[in-house]
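> The structure under discussion is supplied below as structure tokens; questions concerning it will follow.
The values are calculated or read from the model by the stated rules, or taken from the named source; none is laboratory data. Fair warning: this is a prediction, and the values are worked out from it, not measured in the lab. Methodologically, a virtual Cβ is constructed for each residue, glycine included, from the backbone with ideal geometry; neighbour enumeration extends over all protein chains shown.
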Ligand code: ADP
């Protein structure tokens with residue numbers, strides 16, 4: 001660009017000098033140079049010494065955007081000949097995020113996710129909800145315990161970074177052990193469980209951004225020694241976050257189980273959460289309505305504490321959105337034994353299987369474990385029998 005500041009052009013910085021300065025800027029969270037993380041989109045140097053730097057954020061609305069912008073500006077401003085710095089922010093594509101996750105693995109070959117292999121017979125259910133506190137983790141834990149009690153080999157991945165309450169609800173404070181390169185999951189009530197909480201000191205809350213979360217989930221799925229599982233349940237964080245997309249990428253065959261309360265507002269968000277499955281082409285296996293009424297302690301009649309019909313509404317909405325029938329698989333009443341069981345690490349399906357909540361959860365577990373998987377696209381590994 002020819003401007004009247006042309007005389008300074010003789011001293012305009014080189015791109016190499018600007019990139020060298022950028023290589024000294026670390027991503028505030030990953031603690032590695034942004035140049036190594038593929039976060040520098042572009043460097044443009046005008047003749048007047050004004051430098052424009054394009055930076056890729058790892059995710060939209062990245063909480064570190066301001067820190068990153070000011071450290072980039074500061075670093076580039078220090079390069080001799082730079083008159084001014086403009087930082088333009090963009091967001092990485094899914095592909096770029098995958099590359100970043102790969103580079104964070106330090107060049108190690110990506111271990112395969114066994115559940116994503118065509119011959120895998122493990123049914124994977126990703127348990128999702130629109131918002132927190134609707135009982136998603138309680139449902140996950142009880143379904144897992146009920147299936148294990150029925151003799152199935154069951155695993156749970158607690159990927160709810162905000163809640164990670166699964167170990168407590170299953171009554172385990174066991175830590176995973178490492179054998180060779182594999183992580184061995186602790187087991188409780190016959191359920192193998194791995195939780196993000198097992199990897200954070202003092203169960204501290206985790207604030208991880210997209211690539212880190214993707215990496216954590218990938219590790220839980222690929223580096224944990226699960227053995228031959230019949231069913232794997234993933235307890236996802238509430239809402240329609242990055243993690244749902246990661247699940248779709250890592251285990252394309254995972255089916256979504258939506259948990260909602262009967263409340264209209266909760267139902268609306270659940271519907272939104274479920275409709276992400278439409279974008280990711282995942283199947284929604286059904287809806288579980290939790291906290292569906294409280295049996296009156298005096299007369300036994302149901303009181304609709306959180307309204308009614310939310311589960312049905314979500315199922316209908318998702319049926320419309322996906323074009324495939326999404327059923328309500330069960331309605332779980334409010335039951336103090338369910339909450340106590342969660343607090344004590346003894347799932348109600350085991351301690352009180354005949355209670356209304358216990359029975360309803362067991363029935364959902366049965367319908368999920370009995371489902372036949374379609375054979376389309378699956379290798380049957382048939383070998384001819386010997387005549388004899
Ligand atoms: P989420 O995983 O959706 O955040 P949780 O499973 O942690 O929800 O449940 C939130 C709280 O509500 C927990 O204390 C749990 O014990 C309680 N709870 C969940 N479902 C029921 C129910 N049907 N009856 C009574 N308490 C319940």
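> Restricting attention to segment 54-87, which residues are in contact (Cβ under 8 Å) with a residue 40 or more places away in the chain and within 28 Å of residue 11 (Cβ to Cβ)?
Hits for segment 54-87 are 68, 71, 72, 75, 76, 78, 79, 80, 81, 82, 83.
> Yes or no: segment 121-137 includes at least one residue that is over 19 Å from the mean Cα position of the chain (by Cα), without any contact (Cβ under 8 Å) to a residue 60 or more places away in the chain, away from the ligand (no atom under 16 Å from the Cβ) and assigned by TED's automatic domain parsing to the domain that holds residue 358.
no
> Within segment 138-174, which residues are within 15 Å of the ligand (Cβ to nearest atom) and assigned to a loop (DSSP other than H, G, I, E, B)?
Within segment 138-174, 159, 160, 161, 162, 163, 164, 165, 171 meet the criteria.
> Moving on. Assess whether residue 75 counts as being more than 30 Å from residue 214 (Cβ to Cβ) and in a helix (DSSP H, G or I).
It is false that residue 75 is more than 30 Å from residue 214 (Cβ to Cβ) and in a helix (DSSP H, G or I).
> Criterion first (buried (at least 23 other Cβ atoms within 10 Å of the Cβ), at pLDDT 85 or above and under 21 Å from residue 146 (Cβ atoms)) does residue 311 satisfy it?
For residue 311, the condition - buried (at least 23 other Cβ atoms within 10 Å of the Cβ), at pLDDT 85 or above and under 21 Å from residue 146 (Cβ atoms) - is met.
> Filter segment 143-190 down to residues that are in contact with a helix residue (DSSP H, G or I) (Cβ under 7 Å, 6 or more places away or on another chain) and within 13 Å of residue 369 (Cβ to Cβ), then give me how many there are.
8
> Then there's this: Hey, among 187, 112, 99, 180, which residue is surrounded by fewer than 17 Cβ atoms within 10 Å (Cβ to Cβ) and at pLDDT 85 or above?
Going through 187, 112, 99, 180 in turn, the sole match is 187.
> Next up: Which number in (1) in contact with a helix residue (DSSP H, G or I) (Cβ under 7 Å, 6 or more places away or on another chain); (2) at pLDDT 75 or above; (3) within 14 Å of the ligand (Cβ to nearest atom) marks the one condition that residue 291 misses?
Residue 291 satisfies every listed condition except (1).
> What number of residues within segment 331-363 satisfy the criterion of being part of a loop (DSSP other than H, G, I, E, B) and more than 7 Å from the ligand (Cβ to nearest atom)?
Of the residues in segment 331-363, 7 are part of a loop (DSSP other than H, G, I, E, B) and more than 7 Å from the ligand (Cβ to nearest atom).
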